[in-house]
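One structure is given below, encoded as structure tokens.
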Amino acid sequence: MIDIALFIPCYVDQFYPKVGLATLELLERYGARVDYPQAQTCCGQPVFNSGSFDAAKPIADKFLEVFSSYQYIVCPSGSCTSMVRNHYAELVPDRIAELRSKTFELCEFLHDVLGAKPEGRFAHRVGLHASCHGLRELRLASGSERRVQPFDKVRSLLSGLEGIEFADLSRGDECCGFGGTFAVGEEAVSVAMGNGRIADHERGGAEIITGGDMSCLMHLDGLLRRQKKPIRVMHVAEILAEATGGHGHT
Amino acid sequence: MDTREGMTTEHPENAAAFVANDARLKWHDESLWFVRQKRDRATSVIPEWETLRALGADIKAHTLSRLADYLEEFEQKATALGAHVHFARDAEEHNRIVHGLLARANVTRVVKSKSMLTEQCGLNHYLEAHGIEVIDTDLGERIVQLRHEPPSHIVMPAIHLKKEEIGDLFHDTMGAASGTSDPKVLTEVARGRLRGNLLAAQAGITGVNFAIAETGGVVVCTNEGNADLGTSIPPLHIACMGIEKVIPRAKDLGVFLRLLARSATGQPVTAYSSHFHGPRPGGELHIVIVDHGRSAILGREHYRRTLQCIRCGACMNTCPVYRRSGGHSYGVTVPGPLGAVLAPHIDPKKHRSLPFASTLCGSCSDVCPVQIDLHQQLLLWRGELGHAELIPLRKRAASQLAGWVLARTWAYEFLGRIARWILPKLPKALLRANDWGRQRELPPAPKESFRELYRRRRGQ
């Protein structure tokens, strides 16, 4: 049996526990043995991206201590996964190799490792927000800048669901403007970017904006709710867990 | 990389001022996105685009690995062709050399084709202070020159201006009919004026896009042909280039010409790629090669790759922050992601906000025709600024505190519980008085965290 350590980002743990549960249920549905190591806190990205590499180092050490013994580490966030896989090299260079090969973003794990083809029903029009770190640091999709064979792992997982429709976006993979502390440090540009993304999803007729990073969705949701717009946000794990409930396919 | 003074580079404040004008913001964003889309279309017809990028990056990396040799080879070949080659340590020396050449030839009227290097060096002001009239012949560059402001983009210097504003400017300065905003008419007005400037010029200054070590020639790319006119009428041609502009062989040029125009404007090739191999008969060609901080970057392993840059501006066009904050918000000649990694090399304190003017979305790295890992460099700069204690104290203290908490499970759990308990109880006014809450609702504050739900579920 596949042995998975669930790595739940700190803000998901605190503010979006349902996303954590959806992730857990989804992975169990695919027959994995999932453990949530309770000593975990955060990958350290907010501190690291703020320029405090020194303060981020003990967090990376802790991460290693908590997760090293597992076969796989799976996380419902492209950004936090990329922090471990790509940026821990700055913090724990000698121990990065073991982490790199076994740390996965949830959709990537379902798609690449489990070869999952989720079946179920989700009769909604969704706008797929391609989160930047998942897109360009984990290569979950081909990206509009590069001239490579097009692919999109998140979309291909969702597209098997019955009744699902995708909103057509004029800028398929532009950043939402969250950017961690950027959202407060550069409030004006951050909000302008978020509003631009929302307008694009609105034009595409999205009922729900989904994506693999709750942080981007938190920013968009904050704008949507303040402006009292009818669009909802859902993490892709929530959609998959809801749609595949009671099915259990691999 | 900049000698411009008197401008703050507190990017968030400058950007907020730009964002405040919603109409301009949308229009600026869409204009640049239009160019980005043109770039996408122009690159999609090149099946080997990604290979071409890798090849361009490799050639540049190789050149940088033995830059001194290639510069020496270039100097020998160019001199053999009859050009004069000068080396300048910094902006000041560059300006002195150029002025010296002009003064020796009693030049008082100069035409200049677009050159970001001379912008960086503040050449126009320097020459004007010495009684020499400098007319920029690139249309966009001429527009910002007439407005007494710096360019806001390295390829499209006046992209921040609307055609109506240019109409007003040309009415005031060139006698265009009042209320003219037709770009074609405005271009004709400018062209008519420039003709007189070109005919009266005693010297022409150009930038350099590529300097070929093997042949000793320099190549200048323009869409308006202004570099050709500016160098074929007056007898003295001064070409100014950074040390990183050299490429090894003539046959490498094809790689870069294909990458440059497509990435810059979405054109298959720039309208005019002018080759200057030695002076024209009876004329003089001087090539001024400038360091101005570049060799220091070359000496820094992580940042070396920024010298691969061919100045196409694609990183600016794609950058969602640049598109919404305008080039002037960066307070440097080269704005956008590239400028944000170059500027701190010159003055890290002055430009400390620039590496943070990014969401680290990575689009700049993927669009770059020579594969510079721009967003990684922005991140590295953040670490370096943090290490040098150049990040404002409040931000540093917050990071240190967060770092302490996040390394301790009990502290993290405890503070998380307090935050979820207190947030719903805080008065609305307080929540809406901070940088998150002013325009966004806060995330929900559930009673139980995931770990609490998990424990319950597992019966722990």
Quiz item: Can you tell me how many residues in region A:42-58 are open to solvent by less than 10 Å² (accessible area, probe 1.4 Å), facing another protein chain (nearest Cβ under 7 Å) and either among the charged types (D, E, K, R) or under 24 Å from residue A:20 (Cα atoms) (or both)?
Solution: 4
Practice problem: Starting from residues that are open to solvent by 10 Å² or more (accessible area, probe 1.4 Å) and within 13 Å of chain B (Cβ to nearest Cβ), keep the ones in region A:188-214 and report whichever is farthest from residue A:158 (Cα to Cα). | Solution: A:188
Self-check item: Close pairs from region B:364-390: first part of a helix (DSSP H, G or I), partner open to solvent by 30 Å² or more (accessible area, probe 1.4 Å) and charged (D, E, K, R), Cβ under 6 Å, at least 6 apart
Solution: B:365/B:373; B:366/A:146; B:385/B:352
Practice problem: Would you mind telling me which numbered condition in (1) open to solvent by less than 10 Å² (accessible area, probe 1.4 Å); (2) facing chain A (nearest Cβ under 9 Å); (3) more than 13 Å from the chain's Cα centre (by Cα) residue B:318 fails? | Solution: (3)
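The rows are residues; the columns are (1) farther than 26 Å from residue B:372 by Cα; (2) at pLDDT below 95; (3) not polar (S, T, N, Q).
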| position | (1), (2), (3) |
| --- | --- |
| B:4 | no, yes, yes |
| B:10 | no, yes, yes |
| B:14 | yes, no, no |
| B:22 | yes, no, yes |
| B:33 | no, no, yes |
| B:52 | no, no, yes |
| B:85 | yes, no, yes |
| B:102 | yes, no, yes |
| B:113 | yes, no, no |
Exercise. Please indicate, with yes or no, whether at least one residue in region A:88-99 is in a loop (DSSP other than H, G, I, E, B) and hydrophobic (A, V, I, L, M, F, W, C).
Key: yes
Practice problem: Could you list all residues from region B:424-443 that are closer than 26 Å to residue A:192 by Cβ and not charged (D, E, K, R)? | Solution: B:429, B:430, B:431, B:433, B:434, B:436, B:437, B:439, B:442, B:443
Self-check item: Of all residues making up region B:369-386, the number that are farther than 14 Å from residue B:355 by Cα and open to solvent by 10 Å² or more (accessible area, probe 1.4 Å)
Solution: 1
Practice problem: Scan region A:143-155 and report the pairs whose first residue is on the phi > 0 side of the Ramachandran plot and at the interface with chain B (Cβ under 7 Å from one of its Cβ atoms) and whose second residue is open to solvent by less than 60 Å² (accessible area, probe 1.4 Å) and among the hydrophobic types (A, V, I, L, M, F, W, C), with Cβ atoms within less than 9 Å and a gap of 6+ or a chain change. | Solution: A:143/A:130; A:143/A:135
Practice problem: Might you let me know whether region A:9-22 holds any residue that is open to solvent by 10 Å² or more (accessible area, probe 1.4 Å), in a strand (DSSP E or B) and of a type in the set (D, E, K, R)? | Solution: no
Practice problem: Among the residues of region A:109-134, write down those that are assigned to a helix (DSSP H, G or I) and either among the small types (Gly, Ala, Ser) or open to solvent by less than 10 Å² (accessible area, probe 1.4 Å) (or both). | Solution: A:109, A:110, A:134
Quiz item: Is there a residue being more than 10 Å from chain A (Cβ to nearest Cβ) and charged (D, E, K, R) anywhere in region B:413-431?
Solution: yes
Quiz prompt | Residue among B:323, B:394, B:311 that alone is open to solvent by 40 Å² or more (accessible area, probe 1.4 Å) and under 25 Å from residue A:145 (Cβ atoms) | solution = B:311
Quiz prompt | Answer from B:140, B:100 - the residue that is without any contact (Cβ under 8 Å) to a residue 60 or more places away in the chain, out of contact with any strand residue (DSSP E or B) (no Cβ under 6 Å at 6 or more places or on another chain), over 27 Å from residue B:329 (Cβ atoms) and outside any loop (DSSP other than H, G, I, E, B) | solution = B:100
Quiz item: Residues in region B:275-290 that are surrounded by fewer than 19 Cβ atoms within 10 Å (Cβ to Cβ) and under 25 Å from residue B:67 (Cα atoms): how many?
Solution: 4
Quiz prompt | Selection count where residues are outside any helix (DSSP H, G or I) and surrounded by 19 or more Cβ atoms within 10 Å (Cβ to Cβ), scope region A:23-33 | solution = 2
Exercise. Take region B:415-452 and flag every residue that is in contact with a Lys or Arg (Cβ under 6 Å, 6 or more places away or on another chain) and either open to solvent by less than 40 Å² (accessible area, probe 1.4 Å) or assigned to a helix (DSSP H, G or I) (or both).
Key: B:440, B:445
Self-check item: Tabulated pairs, region A:79-102, first within 11 Å of chain B (Cβ to nearest Cβ), second open to solvent by less than 10 Å² (accessible area, probe 1.4 Å) and in a helix (DSSP H, G or I), C-beta under 6 angstrom, 6+ apart or interchain
Solution: A:91/A:56; A:91/A:60
Exercise. Kindly state which helices (runs of 4 or more DSSP H) lie completely within region A:176-246 and contain at least 1 residues that are without any contact (Cβ under 8 Å) to a residue 40 or more places away in the chain.
Key: A:182-185, A:187-203, A:214-226
Quiz item: Inside region A:215-231, can you point out the residues that are at the interface with chain B (Cβ under 8 Å from one of its Cβ atoms) and open to solvent by 10 Å² or more (accessible area, probe 1.4 Å)?
Solution: A:218, A:221, A:225, A:226
Exercise. Go over the candidates B:102, B:117, B:127 one by one and state the one that is under 26 Å from the mean Cα position of the chain (by Cα) and farther than 24 Å from residue B:174 by Cα.
Key: B:117
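The values are calculated or read from the model by the stated rules, or taken from the named source; none is laboratory data. This is a predicted model, so every value here is computed, not measured. Methodologically, a virtual Cβ is constructed for each residue, glycine included, from the backbone with ideal geometry; neighbour enumeration extends over all protein chains shown. What goes into the accessible areas is simple: the full protein's heavy atoms, side chains included, and nothing from ligands, DNA or RNA. Shrake-Rupley method; radii C 1.70, N 1.55, O 1.52, S 1.80 Å.
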